[in-house]
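Inspection log for the structure reproduced underneath, given as structure tokens.
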Amino acid sequence: MTDSVPGTGDMVVIDEATAAEIAAEAEETAVTGADERLAYRGVFQRLLIRPEVGAIIGAAAVWAFFWSVADTFGVATGFASVLDVSATLGIMAVAVSLLMIGGEFDLSSGAATGALGIVTILLVKDIGELGGAGLSLHIAIPLSLIVALGLGFFNGVMVEKTGLPSFIVTLATFFILRGFKLGFSKLIIDNISVGRIDEAAANAELDKGSRGYEFWKPVFDGVWARNDHILDSRDTIWLVGFLVGGSLLAAAIYEMNFRSNDKRNPMGLIVMAAGIAGAIATILYMHNSDGRSANVLAAALLAVAALASFGGLALWRYKRQAPGSTLFSNETLVWAIAGVVALNIGIFLAGWLGVESQESVLDLVGGLRWPLVLLGAAAGAYQVWRTQGSNFANDPFRIGATVAAIAASVAFAVYAFMFMTTEQGLRAILFGLFVLAGLLLLAMAAYKAGRVSPVARGLVLSVTALMGLRLAWFVQGQSRSTKFRTEAFSVILLTALMLLVWALVSTFFETRREDDARAASLSGLLARGGLLAIGIGLIARLLFTTTDEQAAGQTNPANFRMSVLWFIGITIFATWLLGSTKFGSWIFAVGGNKQAARQIGVPAARTKTQLFMIVSVAAWLVGLLLAFRLNTLQSGTGNGLEFEYIIAAVVGGTLLTGGYGSAFGAAIGALIIAMSKQGIPGARWNSDWRFAFLGIILLSAVIANNFIKTKAEAAGR
Amino acid sequence: MSTLIELEDIGKFYGNIIALQGVTTSVNAGEVTCVLGDNGAGKSTFIKILAGVHQHDAGDFRFEGESVKFNSPREALNKGIAAVYQDLAMVPLMSVWRNFFLGAEPSKGVWPFRWVDKKVASETAKAEMAKMGIDIRDTEQPVGTLSGGERQSVAIARAVYFGAKVLILDEPTSALGVRQSGVVLKYILAAAERGLGVIFITHNPAHAYPVGDRFLILNRGKSMGNFAKDEITQAELTQKMSGGAELEQLQHELSQGR
């Protein structure tokens, strides 16, 4: 089939036999269905192609980072304030992301929030001769909504009719609004701060019921005082959720390697029964015990039990992959088990030998933080580079890992000798050696497993990550030095997280064949279950306070406000709108290929105008939230925030060029920005660094999104 | 076989430029009419007249027996003439089923809470593609990740599903490799087998001859003839298309140059 190259207008005359061959080959392709190059896209890969996944991983990393450096993070107090900051930002970011997916920008969105709040306040204010309408809020709120709709309509029509870039048109609107805000505020009340919205209640001409302040205040600024909600088993629920969820995720990864089997294996049922029995026993034990370490142990046991149950299920109903590619060699199992055992011996020794004064042990580990960070970073970078190609034959992994391990060991040994003379020093070395040996053994297991199948490597790495978390919690629980605790904890947590991401990426970017699809269903179920368990744990962790914390004085006001509910509601609505409605399809279409959308009958101009109106209605809502919250708005309120909305949307995976993105991602993006706003002062850093941090997040988010999108698409080809 | 389109001495003039002159051919249901011509032969003008983008200035254009002159592509589409252009009118980052149903999404629920019936949409898209002989495993995958031939088949299946009687394909194989071209030719036959009249525009006689039932050859805006398959061989087709004598001359020069 080399004699014809279509498209070049070649003169070679193809005989009919060749033509028939073309047709026959086409027939064959169609009959056998799949082109053998079409790779199967697994559960995780389908997840990774979604625009918001990068943002979620980023949010987890930022959160873990700030949790470790700022004491207020990771508990209800900090979470409430992060949510509070993210709510108004997030509502706008979600609306703006819809507009951006539709291929347009709205630079007036920030100024519009303040403007619409001020309009409402001026409508309810009664200032006698100077102006102000003195209306009831029942009338003023719908009126300002009409103003908002008009503003969006104006933006949309201007952009559509003139055909100018929305960037320029809305930049003009931004300045117009800015001028109006200042001008009208000064003209009407001779002041640049416009207040107060509760004066509707003081208007003498209206009777109390019709003023509306009592009615609307809880709608826009109700408060759920979370300090009333005490849950002493909070940390247990969180730990159990995390470990069980992690185990289920590991099981999901494991499951990917299996095919449905017609022959049932009774051994599976036995293992499953043992797992379930173990889980029940653990829960009973937990019920009868108290204390942190007992709970940690119970959570770990429960995780093992859950793994055993699902492993049994897998064994019962499924069989291993294609013959010849068994999941584990015995060698791998030996290495992995040895690694886990060594690591736990280390932890046990450190706890057993010196419960009273383990400060130096932990300082020693603290000294290891930079080698560990470098090791983790090198491994991560290496793996990212490695996914570019698929030649595993000349695997330099062993060399790289060995060199890094030797370097880390030497650094560790030198450091350790300084402590040799003391009892703590001995303990430190024992702890350090066992932990390091455990990690090396696990790395070896991962290497051995990787030679058999990428899935096996993913599993071993997940186990290693779980071990890392175990280490992190041990260290956090043992240390008394806040400075040390936060640093070591953050390093270990981040390393473990990186390892987990590495495991997922390396496992699921491997090319898979069609029959892998069958393994995906159970795997997807497990993954969902795992995420749910982690989610439940996290919610318990973030919404509730323990008696200890209250006693420790963490009682500064941290309340969940109505704005958060609005934020959640609008995110859900926008996600539904985008994903499940006709209008959602049209948004993607006008942003992705306006010409094509128009050709095929999508009302492009109307869709875009509606998008501008959605943004201005969101601005109206945020204006009201701010007005009820602050009572008085400055004429500058909201100016300049439009770029934060755009950043949030972009961090959430929305393409600047339109046609791709997610409303949920934008909400996560808003959370990331809010976390950096709250976390930097929380860590007692100079808050001037906030903008630099924001810039770095933006850049890394864009690069990560781009990378993930290209990877996932390329693999889906 | 019923005749869907008959064209008699169709002409199109832009001022004093003759873009198309004296074109006569017909399109029958269940048959493939190939329009062949080198670059600048008037193929684009020809399609645009059929699809309602331009109007003809001379001759007679009969659709299902009655004389027509379409004022817009929408009008042609309503009659059942669908054109699949080279750029395919697709949104690359959108999923297959969304592209398939874009602008005509099946909905359910009560206003204002109406949503797209994803299950029906996804299954219909899959089934329609299967009728064309292509197995789309995952209709959620973005159209941009499909191969050129598969993308072509989505466009064809979409036009067929939305009630086209005549399908105009503008150079569907020009950007494809040998294998993919073969796949697209198969879709063309599949569409014809389902009773559509297909107009297949190409400059590659090797692609046209295996699938065509009738061949219209254009050169410099003029018809070089309108043949049924049994009246012409592929070699003759190639020769006529490039202006006969010119090709022989060229072949001679090329062999001299070696």
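What ratio of Cα Rg to 2.2 N^0.38 Å holds for chain B?
Values: Rg = 19.6 Å, N = 258, 2.2 N^0.38 = 18.1 Å.
Compared with the compact-globule rule of thumb, chain B sits at 1.08.
Each 5 Å bin from 0 upward holds the following percent of the Cα-Cα pairs of region A:570-717: 2, 8, 13, 18, 18, 17, 12, 7, 4, 2, 1, 0.
Counting only helical runs of four or more DSSP H residues, what would the 222 nm mean residue ellipticity of chain B come to if each run contributes -39,500 (n - 2.57) and the total is spread over all its residues? Working shown, then result.
Numbers: 9 runs with 94 residues, N = 258.
One gets -11000 deg cm²/dmol as the mean residue ellipticity at 222 nm.
Only alpha carbons enter this Debye calculation for region B:119-258, each as an equal point scatterer, and the log10 of I(q)/I(0) it gives at q = 0.12, 0.17, 0.21 Å⁻¹ is -0.58, -0.96, -1.27. Take each residue in B:111-123, count the other chain C-beta atoms within 10 Å of its C-beta, and the mean is 2.
Exposure proxy for A:Trp566, A:Trp620, A:Trp224, B:Trp111: other Cβ atoms within 10 Å of each Cβ, ordered fewest to most, give B:Trp111, A:Trp224, A:Trp566, A:Trp620.
Each other residue within a Cβ distance under 12 Å of B:Thr202 adds +1 if Lys or Arg and -1 if Asp or Glu, for a net charge of -2.
So what's the gap between the Cα centers of region A:592-643 and region A:646-661, to the nearest angstrom? That distance is 15 Å.
Calculate the translational D of region A:142-188 in whole µm² s⁻¹ from Stokes-Einstein, where the hydrodynamic radius comes from the Kirkwood formula applied to all Cα pairs, the temperature is 4 °C and the viscosity 1.567 mPa s. Walk me through the intermediate numbers first.
Numbers: Rh = 11.6 Å.
Translational D for this selection: 111 µm²/s.
Computed from label points 7 Å out along Cα-Cβ, the spacing between A:Leu269 and B:Ala175 is 5.8 nm.
Measuring r between the beta carbons of B:Ala127 and A:Val219 and using R0 = 45 Å, the FRET efficiency lands at 0.40.
If each residue of separation counts as 0.36 nm, what is the full-extension length gain between A:Leu630 and A:Phe180 once their alpha-carbon separation is subtracted? Intermediate results must be reported in sequence, preceding the final value.
On the way: separation 450, 0.36 × 450 = 162.00 nm, distance 2.08 nm.
Difference between extended and current length: 159.9 nm.
Would you be so kind as to identify all helices of chain B, as entire DSSP H runs, whose Cα atoms reach 15 Å or more along the helix's own axis and whose mean Kyte-Doolittle hydropathy is at least -0.5? Mind showing how you got there, number by number?
Numbers: long enough: B:118-131 (19 Å, -0.77); B:148-161 (20 Å, -0.04); B:178-193 (23 Å, 0.76); B:245-257 (18 Å, -0.94).
Qualifying helices: B:148-161, B:178-193.
How shielded is B:95-103 by partner chains, expressed as the average number of their Cβ atoms within 10 Å of its Cβ atoms? Shielding by partners across B:95-103 averages 5.
Determine the shielding of peptide B:139-147 by partner chains: average, over its residues, the number of Cβ atoms on other chains within 10 angstrom of each Cβ.
Working: counts 0, 3, 6, 7, 2, 5, 9, 3, 4.
That average works out to 4.
Set the bar at 23 Å for Cα to Cα. Now go through A:Lys594/B:Lys131; B:Lys79/B:Lys229; B:Lys43/B:Lys165; A:Lys582/B:Lys126; B:Lys69/B:Lys186; A:Lys161/B:Lys12 and name every pair that lies beyond it. From the list (A:Lys594/B:Lys131; B:Lys79/B:Lys229; B:Lys43/B:Lys165; A:Lys582/B:Lys126; B:Lys69/B:Lys186; A:Lys161/B:Lys12), the Cα-Cα distance tops 23 Å for A:Lys594/B:Lys131; B:Lys79/B:Lys229; B:Lys69/B:Lys186; A:Lys161/B:Lys12.
Within 10 Å of each residue's Cβ, count the other Cβ atoms and sort A:Phe544, A:Phe643 from fewest upward. Walk me through the numbers on the way to the answer.
On the way: A:Phe544 20, A:Phe643 13.
Ordered from fewest to most neighbouring Cβ atoms within 10 Å, A:Phe544, A:Phe643 come out as A:Phe643, A:Phe544.
Going from the fewest other Cβ atoms within 10 Å to the most, the residues B:Phe13, A:Phe588, B:Phe63, B:Phe162 appear in the order B:Phe13, B:Phe162, B:Phe63, A:Phe588. Model label sites at A:Ile572 and B:Asn16, defined 7 Å from Cα along the beta-carbon direction, differ in position by 7.2 nm. Under 18 Å from a label point set 7 Å out along the Cα-to-Cβ vector of B:Glu64, the amide N atoms of region B:178-208 belong to B:194-199.
Computed from the coordinates by the stated procedures, all read-outs in this text should not be read as laboratory data. Note that this is a predicted model, so its numbers are computed, not measured. When we count neighbours, we look across all protein chains shown, and the Cβ atoms used for this are built from the backbone with ideal geometry, even at glycine.
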